[in-house]
1. Could you tell me which of the residues Arg278, Arg327, Arg346 is surrounded by fewer than 23 Cβ atoms within 10 Å (Cβ to Cβ), more than 24 Å from Asp30 (Cβ to Cβ) and basic (Lys, Arg)?
2. If the requirement is being among the hydroxyl-bearing types (Ser, Thr, Tyr), not assigned by TED's automatic domain parsing to the domain that holds Arg244 and not in a strand (DSSP E or B), which of these qualifies: Ser143, Ser168?
3. Quick one: would you say Gln320 is under 28 Å from Asp221 (Cα atoms) and touching a strand residue (DSSP E or B) at 6+ places or on another chain (Cβ under 9 Å)?
4. So Arg333 clears everything in (1) touching a residue at least 24 places away in the same chain (Cβ under 8 Å); (2) charged (D, E, K, R); (3) buried (at least 17 other Cβ atoms within 10 Å of the Cβ); (4) in a helix (DSSP H, G or I) except one condition, right? Which one?
5. Please count how many residues of the stretch 248-277 are closer than 16 Å to Ile288 by Cα and either in contact with a Cys (Cβ under 9 Å, 6 or more places away or on another chain) or not basic (Lys, Arg) (or both).
6. From the list Ile156, Ile186, exactly one residue is under 29 Å from Leu10 (Cβ atoms), in a helix (DSSP H, G or I) and either assigned by TED's automatic domain parsing to the domain that holds Pro43 or in contact with an Asp or Glu (Cβ under 7 Å, 6 or more places away or on another chain) (or both). Which is it?
7. If you scan the stretch 238-275, which residues turn out to be of a type in the set (Gly, Ala, Ser), more than 23 Å from Val205 (Cα to Cα) and buried (at least 16 other Cβ atoms within 10 Å of the Cβ)?
8. What residue, among those in the stretch 216-258 that are aliphatic (A, V, I, L, M) and outside any helix (DSSP H, G or I), is farthest from Ala169 (Cα to Cα)?
Amino acid sequence: MDLPVEKLRLTSLAHGGGCGCKLAPSVLQDLLSEMPQAGPYAPLLVGTDTADDAAVWDLDGKTSVIATTDFFMPMVDDPATFGRIAATNAISDIYAMGGTPIFALAIVGMPIDKMDPADIRQILAGGAAICAEAGIPVAGGHSIDCPEPVYGLAVIGTCPTAQVRRNSAARPGDRVILTKGIGIGIYSAAIKKQALPQDAYAEMVASTTLLNRIGAELGKDDAVHAMTDVTGFGILGHGLEMARGSGHTVRLDHGALPFLSQAERLAGQGFVTGASHRNWKSYGHEVILPDIFPDWRRHLLTDPQTSGGLLIAVDASSAQRLAEQIRMAGYPRTAVIGTVEQGPARIVVEV
């Protein structure tokens with residue numbers, strides 16, 4: 001009698017997971033260093049020069065097309081949940097530019113000899129379900145036989161040109177808002193070791209499958225100056241992109257940062273991703289931390305987020321109004337976490 005074959009955990013098929021798979025910021029900068037700039041393509045409003053979330057092409061001075069692509073390896077073992085998280089993360093880039101998605105194309109790479117086809121169908125179904133929630137179809141895509149499971153989307157959106165929000169337009173005096181809790185990478189590290197409590201897992205899934213659709217509304221508000229989403233480079237890395245792009249200092253209040261309910265405890269116990277170390281090595285020289293600041297707290301700030309929140313620079317007089325508007329729209333952890341100041345392009349963390 002043949003014994004049943006034990007089904008492999010989805011996360012065991014990949015060397016990393018979620019946005020923790022991203023190349024380190026310094027590696028990415030080096031790879032892009034000789035990439036040709038936009039040159040004569042005047043309608044290209046946003047390209048690679050400011051490390052923004054998506055490319056933006058101005059069609060006629062009134063309407064712009066926004067295009068992005070995002071994919072990664074599984075950070076959870078349930079196939080449908082993996083698909084939902086990956087799709088939510090990819091669509092977020094459109095919302096982070098102030099746009100509205102209109103359709104998506106699937107990016108699929110699967111180890112066909114190691115995975116049950118039913119699980120692959122569930123991954124695709126999970127992604128399609130999130131696209132339906134966003135009101136868009138999966139209109140096509142491309143698939144390959146791949147050593148590790150990879151899934152994501154290329155997403156196309158549109159936006160009134162005047163409503164496009166870059167990550168590089170923060171102004172001195174602005175307040176900085178974050179719309180989701182930090183700690184997804186720490187939770188995923190605990191999943192790898194089967195040490196994440198069920199309630200924390202449910203919290204993580206709820207956060208990573210929450211569409212950042214509020215970004216399309218925020219783009220309509222003149223008080224919103226700059227916007228990006230927080231993903232694989234952590235709050236410090238994406239805050240630093242905002243600082244570099246605008247040419248100003250971003251000061252973060254550590255005490256105001258929203259963390260997932262068990263993130264601090266797990267970080268203190270050593271549940272940290274390799275990406276957290278790579279992130280700090282890449283940009284730590286541009287960050288000023290408090291004199292007494294334990295490593296586990298630093299790891300919270302470099303923790304790679306998958307489908308993280310929006311990081312928004314807004315006029316100071318409108319910060320509380322906008323924060324409350326975002327909370328009422330379904331993002332309860334939204335907090336005003338810092339300021340933009342005159343000074344060198346860097347991050348300063350204070351307690």
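The values are calculated or read from the model by the stated rules, or taken from the named source; none is laboratory data. On a predicted model such as this, the values are computed, not experimentally measured, just so you know. Glycine gets a Cβ as well: all are built from the backbone with ideal geometry, and neighbour counts include every protein chain shown.
1. From the options Arg278, Arg327, Arg346, the qualifying one is Arg327.
2. Testing whether each residue is among the hydroxyl-bearing types (Ser, Thr, Tyr), not assigned by TED's automatic domain parsing to the domain that holds Arg244 and not in a strand (DSSP E or B) leaves just Ser168.
3. Judged against the criteria, Gln320 is a match.
4. (4)
5. Number satisfying all stated conditions: 7.
6. Of the residues listed, the single one that is under 29 Å from Leu10 (Cβ atoms), in a helix (DSSP H, G or I) and either assigned by TED's automatic domain parsing to the domain that holds Pro43 or in contact with an Asp or Glu (Cβ under 7 Å, 6 or more places away or on another chain) (or both) is Ile186.
7. Listed by number, the residues that qualify are Gly239, Ala243, Gly245, Ser246.
8. Leu257
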